[in-house]
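The values are calculated or read from the model by the stated rules, or taken from the named source; none is laboratory data. These figures come from a predicted structure and were not determined experimentally. Cβ placement follows ideal geometry from the backbone for every residue including glycine, while neighbour counts extend to all protein chains displayed. Heads up: the accessible areas ignore ligands, DNA and RNA and are worked out on the full protein's heavy atoms, side chains in. Shrake-Rupley method; radii C 1.70, N 1.55, O 1.52, S 1.80 Å.
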Amino acid sequence: MNARMCGPPHTGRVIATVKADADTLAAGAEGVWVLSGDSVARLDPATNSLGKPITIGAGATAGIAVGAGAVWPIRKACCGGLALRARLGTHTTLMAGFGFNPPQPAVARGLYVATTDVPRSALPLTRAGVRFVRETGAARTPQYSTLETAQAAELVLTAIARSDRTRASVLEHLRASRVQDGILGSFRFDRNGDIDPPTVPILRVTGGGAPHGAVPGAVVDRVVTIPASLRH
């Protein structure tokens, strides 16, 4: 693959073409980064050549992205993020994805992890969620899908009560559900039956406590709502 450096997008002007053994690349204000096998490298605009590659481990990264002052490896395993952290230092923001599990949390301190592998009771809760957790003891022994199951049961019972007792009617009322400040917050269902708006928890590795073991040494940093433009 040839990596091309272009002028402003609306001009379509090619500034330089650099030969590179690239699996994929990503470009932004942080520069042009190339992923090749088990390493990534930045395209040097001064020499029109690739800089020194950063080895991240065979099969560790499926892709790469840049933005918001950060290099974003798309993870297959944990080792690549640690290698990038060691090479780039703590001033560079890095994010890993689902399945990231650092063997030494202290080494990964400062990394962010986007993952749904977090018990709902470890995330910010609505008043209804707090009440459910308190009354059931879910905070003491967090279980995956506990709050989701309770919310689903509530929706099904409500749909049955509003229906004409036929399966089709129950499903119709279930699809049309609108939840306001429920156990899982405020949401509806999209045409595929998924919760709308969808959210993704973002964890931050601190090297200290963990949100019930989802990622050792991490805490919940925030919960991000996926923009409508990225859902389809």
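Taking every residue in the range 35-48 that is more than 14 Å from LEU25 (Cα to Cα) and pairing it with any residue that is open to solvent by 70 Å² or more (accessible area, probe 1.4 Å), at least 6 positions away or on another chain, yields no pair with a Cβ-Cβ distance below 6 Å.
Considering only residues that are open to solvent by less than 30 Å² (accessible area, probe 1.4 Å) and either over 30 Å from THR93 (Cβ atoms) or among the hydrophobic types (A, V, I, L, M, F, W, C) (or both), which ones fall in the range 185-205? Please lay out each step first, then the result.
Step one: list which residues in the range 185-205 are open to solvent by less than 30 Å² (accessible area, probe 1.4 Å), which gives 185, 187, 196, 201-203, 205.
PHE187, ILE202, LEU203, VAL205, listed by residue number.
Can you tell me which residues in the range 41-68 are in contact with a Phe, Trp or Tyr (Cβ under 8 Å, 6 or more places away or on another chain) and either modelled with pLDDT of 80 or more or on the phi > 0 side of the Ramachandran plot (or both)? Listed by number, the residues that qualify are ALA41, ARG42, LEU43. Annotation note: Cβ proximity below 6 Å between a residue of the range 154-177 that is assigned to a helix (DSSP H, G or I) and a residue that is among the aromatic types (Phe, Trp, Tyr) (sequence gap 6+ or interchain) occurs for ARG175/PHE189.
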